[in-house]
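What follows is a set of notes on a single structure, which appears directly below.
No value in this document is a laboratory result; all are computed from the given coordinates. The model shown is predicted, which means the values in this text are computed figures rather than measured ones. Note that we place each Cβ from the backbone using ideal geometry, even for glycine, and neighbour counts take in every protein chain shown.
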Amino acid sequence: MSDTGDLSLRKKIEALARVARYNPKFTATIAVLGGFTAFLEGIGLSFIWPILEVAQAEEPITEAGGFLGMFLTAYESVGIPFTLEFLILGVAGVMTVRFTASFLVGWFRAILQKRYEGDLRTKTLNAALDAEVGYFDEEGSDDILNSIVTETRYSGSTIKFGVRSMETMFLALVYLSVMFYVAPTMALFALTLLGGITFLMRYVIEPAYTVGNRVAEANETVQQTAQAGTQGIRDVKLFGLTEEIFDSFRESVRQYVVSSISLERNKVGVQNFYDLTTTLVLFGLIYFGFVFTGLSLGELGIFLLAMFRLSPLVSRLNSQVYNLEGHISHLVRTQGFLDELTQRKEESGDRTVSKVERVEFDNVRFSYNDEEQVLRDITFGVERGGFVAFVGQSGAGKSTVVSLLARMYDPDEGEILGDGVPIDEYDIDEWRSRIALVRQDPFMFNDSLEGNVTVGNRDASREEVERVCEIAKVDEFLDDLPNGYESELGDDGVRLSGGQRQRVALARALLKDADFLVLDEATSDLDSSLEKEVQASIEAMDRDYGIIAIAHRLSTVKNADTIYTLEDGEVVESGSHEELLEDEGEYAELYAIQSKG
Ligand code: ADP
């Protein structure tokens, strides 16, 4: 994900333009409706002028000049008498339309925002599903998850704050126009004073931000300490940390209390300071208006009303723009994330493949990050029906070999062939359907046991499920589950132990109608007698697939046709179990150590 520490204005505008392009007609409708709302607000406000004048005159007015005259003509043209009652009815009508339009703006905005958010989520997940595994290594799955779930929501809120800022700006513009139309000198004077107050407010608000940060920090410490005291409760008790944790918790709570009181004091202080100064300005202007400019009651009334509608908008606009800016950075990040994902799309060939007889590695070299060579000149082959194994110290590159076979990554040099054809020429999904890979730490889906076993073969019958569960020894813990095959496994299989998960994963792979079964430390969490049983039942199966196994416990790969010992990404020896023992190399040494154990 791109770094967005300091976003340029151009990037922000580009991001907003992309949102506008999402549904241009709808976006334009919202903008026009927003403008219309503000315009009606201005019209409604203008009623104050004739209302006050008519009220003061105590009788219907039939003739007037200037603004009042315009109003009068407009009224008479529709044939409505210019009385106080009808003026009040008129303003009620205008305001009804104005707030209905305002409701529509809010409603349409929500539609646009939520649809955009939903689309962004679907698009990012879709792009993530199609992206190379290497991208997940670089960015971390947690960050990617966060981008898909949380960042997209924040990005959608940009629309909310954008529309709100726009509405506020339109309204401010209308109020300003009214003020300047009625009394330009006073408007200038009022603006200068309001501007001055807003400027002063910056000095009051700035420390409030600092205190706000302190509150957030204190809150975080409270959370972290509480986390240690709950999630880490076992170690807290084992290491006698109760008192230490409690003291530090009490201290962070104290800091939270002190800083949040000070934050609240600042907030109410700022609000009251603002209210006080604007009220003083109001009375100053009433005096100024009457004594120096000789405004009529109607003119002064509409002017003051416009000014007082305007003044809270200034601070509202401030906070809306602040929020908008914050959310635009999420938007820029999410859009950048989506672009990156799209660029890192997995490449697929277009050859179809239905049955693979032989896979081969031909001088394969590979490194994850161009820094360290992880595989050097790996060459081996295995037929369907054959059995090869990789052994070696951890970090030697064994898992990498099988990841490459499943096209999680592509080699830097050399070739991986399926029936003599480079595997990147095949359709990637079809190729993967030929390989059943069982990883050491498999993922369990939030589904039933059966749902988890059938992930690679949704059409399997219950009998087939039962058969593979018997081979993988899943049936042995079936009785411990509340509803047998229908038991829900919970988020990432929380209800299963490590060994149970491995057995479910093995059953899953056996059910998948693949040509090569790849076992990457697939039974490492089982105790050794159970591991032997599982191994024996796999080998005893009437199988028509090849096996590629990676094992730490050498006893499980004894029966392989060829065993390859990897060291630092290189095959240092290969042969059958007996041959390797005779060679007295690395394998023999490891085997001797394990046999003693
Ligand atoms: P083994 O299976 O033999 O334990 P691996 O194939 O898992 O070895 O790892 C080989 C080397 O590649 C190790 O140095 C490991 O740190 C590195 N490695 C493994 N996976 C990744 C990855 N996703 N990104 C970067 N380096 C990796």
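Across all directions, the average projected area of the convex hull around the alpha carbons of the chain is 39.8 nm². Structural size metrics of the range 557-597, computed from C-alpha coordinates, are Rg and Dmax of 9.8, 27 Å. Within straight-line reach of Lys267, meaning a Cα separation under 15 Å, sit the following aspartates and glutamates at least 8 residues removed in sequence or on another chain: Glu206, Asp275.
What FRET efficiency do you get for Leu200 and Thr96 if R0 is 41 Å and r is their Cβ-Cβ distance, rounded to the nearest 0.05?
Values: r = 39 Å, r/R0 = 0.95.
Step by step, r from the Cβ atoms, then E = 0.60.
Does the range 389-460 come out rounded, prolate or oblate by the C-alpha gyration tensor, with a ≥ b ≥ c the root eigenvalues, rounded set by a/c under 1.5 and, if not, prolate when a/b is larger than b/c and oblate if not? Since a/c reaches 1.5 but b/c is at least a/b, the shape of the range 389-460 is classed as oblate. The loop-placed GluC sites (Glu not before Pro) in the range 209-244, going by DSSP, include none that has at most 16 neighbouring Cβ atoms within 10 Å of its Cβ. The range 205-256 and the range 486-535 have Cα centres spaced 40 Å apart.
Taking Rh as the Kirkwood radius computed over C-alpha pairs, what is the Stokes-Einstein D of the range 406-445 at 37 °C in a medium of viscosity 0.692 mPa s, expressed in µm² per second?
On the way: Rh = 11.7 Å.
D, rounded to a whole number, is 281 µm²/s.
Of the beta bridges in the chain, as assigned by DSSP with both residues counted there, near 55 percent are antiparallel.
Evaluate the range 252-367: find the radius of gyration of its Cα atoms, find its Kirkwood radius, and give the ratio Rg to Rh. Don't skip to the end; give the middle numbers.
Values: Rg = 32.2 Å, Rh = 22.0 Å.
So for the range 252-367, dividing Rg by the Kirkwood Rh gives 1.46.
Using the Cα centre of the chain as origin and beta-carbon charges of +1 (Lys, Arg) and -1 (Asp, Glu), tell me which of Phe273, Phe337, Val465 is placed farthest towards the positive end of the dipole. Of the candidates, Phe273 comes out farthest on the positive side.
For the pair Asp447 and Arg234 in one chain, pulling the backbone fully straight at 0.36 nm per residue adds 73.7 nm over the alpha carbon distance.
Placing unit charges on the Cβ atoms of the charged side chains and taking the dipole of the chain about its Cα centre, the candidate lying farthest along the positive direction among Thr293, Phe387, Thr62 is Thr62.
Please give the charge dipole size of the range 358-596, origin at the Cα centre, charges +1 on K and R Cβ atoms and -1 on D and E Cβ atoms. Round to the nearest 20 debye.
On the way: 23 positive and 56 negative charges, 127 e Å.
Computed about the Cα centre, the dipole is about 620 debye.
When each of the peptides 89-101, 469-481 is scored by how many other beta carbons lie within 10 Å of its residues on average, the order from highest to lowest is 469-481, 89-101. Annotation: extensible slack from Glu584 through Thr122 equals 160.7 nm (criterion: 0.36 nm per residue apart, minus Cα-Cα distance). Principal-axis analysis of the Cα atoms of the chain puts helix 297-343 at an angle of about 10° to the longest axis.
With Rg and the Kirkwood Rh both taken from Cα atoms, where does Rg over Rh land for the range 358-596? Mind dumping the intermediate values first?
Working: Rg = 17.9 Å, Rh = 18.4 Å.
Radius of gyration over Kirkwood radius for the range 358-596 works out to 0.97.
Pairs exceeding 20 Å between alpha-carbon atoms, taken from Lys11/Lys345; Lys355/Lys398; Lys355/Lys558; Lys532/Lys558; Lys25/Lys114: Lys11/Lys345; Lys355/Lys398; Lys355/Lys558.
Between Tyr587, Leu526, Val504, the Cα set farthest toward the positive side of the dipole of the range 500-597 (charges on each charged residue's Cβ, about the Cα centre) is that of Val504.
May I ask for the Rg/Rh ratio of the range 184-294, computed from Cα atoms with Rh as the Kirkwood radius, given to two decimals? Could you put the intermediate results ahead of the total?
Details: Rg = 24.3 Å, Rh = 17.7 Å.
Over the Cα atoms of the range 184-294, Rg/Rh equals 1.37.
Suppose every K and R has +1 on its Cβ and every D and E has -1 on its Cβ; what is the size of the dipole of the range 198-321 about the Cα centre, in Debye to the nearest 20?
Details: 10 positive and 11 negative charges, 55 e Å.
It works out to roughly 260 debye.
Would you please classify the overall shape of the range 72-160 from the alpha carbon gyration tensor, given that a ≥ b ≥ c denote the square roots of the eigenvalues, rounded means a/c under 1.5, and beyond that prolate means a/b larger than b/c while oblate covers the rest?
prolate
Around the Cα centre of the chain, unit charges on the Cβ atoms of Lys, Arg, Asp and Glu (plus for the first two, minus for the last two) sum to a dipole of about 4460 debye. Just check the range 259-325 against the gyration tensor rule for me: Cα atoms, a ≥ b ≥ c as the square roots of the eigenvalues, rounded for a/c under 1.5, and otherwise prolate or oblate depending on whether a/b exceeds b/c. Since a/c reaches 1.5 but b/c is at least a/b, the shape of the range 259-325 is classed as oblate. Applying a DSSP loop filter and a limit of 13 other Cβ atoms within 10 Å to the chymotrypsin sites (Phe, Trp or Tyr not before Pro) in the range 149-253 leaves Phe239. Take the Cβ atoms of Ser177 and Thr379, set R0 to 60 Å, and the FRET efficiency comes out at 0.15. Residues whose amide H lies under 5 Å from that of Ser576, counting only those 5 or more places away or on a different chain, are Ile563; hydrogens are built 1.01 Å from N in the peptide plane.
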